[in-house]
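What follows draws every value from the coordinates through simple rules; no lab data is involved. All values derive from a computational prediction rather than experimental measurement. When we count neighbours, we look across all protein chains shown, and the Cβ atoms used for this are built from the backbone with ideal geometry, even at glycine.
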Ligand code: PGA
């Protein structure tokens, strides 16, 4: 059985006070969420410690949105995987398209980040996804296949077994345009297929592959019903407790 996951990526939104309030509302609403759905929230770095306190003892897990590609030292402005683990994170998002696009995140860096995350007990939520022009050119399988191979297939089987994948077509992120469930399922099945080719069928069956990109209460149910979609990475709709909980409940 694969883990069902609904993860909220808050990006660079909310003040600490607003984030703490949002976390409180999520804890209060948690009883309505099916027990087999793992809820994860990824607030900004500044919010992690106070939010960790709010969700401690609840079933909500804490994630960062990124971590450094070096373990420690003279890297001004960076936050290490060890620091994140030390304040209660158990996950970190890595390779989000916004980081690839605006902050020069390469596959090489991502392999380093994933290893550091794993060494510190964090499960990476590793993001892949094609741009609009790549989809329009019919290159989405090629692009996503290369993103998976360049990072996941550089890891050992044991390392890779702790990675959660998030497929997020760049054209669907923050645009209100969602991939249809057929488009999403097609590429999720493709990702699982190449993982099976690398690490075996049994291994691939256990990997959770999340969908992200304008996922909201109105479309989550249909997306999550697809056989190879194991949950969602939610951006905009994760900023309202009612919407995020509704998405989790729809599973
Ligand atoms: P969105 O973002 O739900 O606002 O489209 C998803 C993401 O970037 O993780």
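For the reader, a short list of remarks on this structure follows.
- Using the average count of surrounding beta-carbon atoms within 10 Å as a protection proxy, the listed peptides 74-84, 40-50 rank, highest first, as 40-50, 74-84.
- Global form of segment 16-137, assessed from the alpha-carbon gyration tensor, a/c cut-off 1.5: oblate
- Over segment 100-251: Kirkwood hydrodynamic radius from C-alpha pairwise inverse distances, Å: 15.8
- Measuring between their Cα centroids, segment 86-150 and segment 181-221 lie 15 Å from each other.
- Candidates 207, 33, 128, ranked by Gaussian network fluctuation over the chain, Cα under 10 Å, top entry: 33
- Shape of segment 1-41, Cα gyration tensor, a/c cut at 1.5: oblate
- Taking the average, over residues, of other Cβ atoms within 10 Å as the packing measure, peptides 129-139, 210-220 rank 210-220, 129-139 from highest down.
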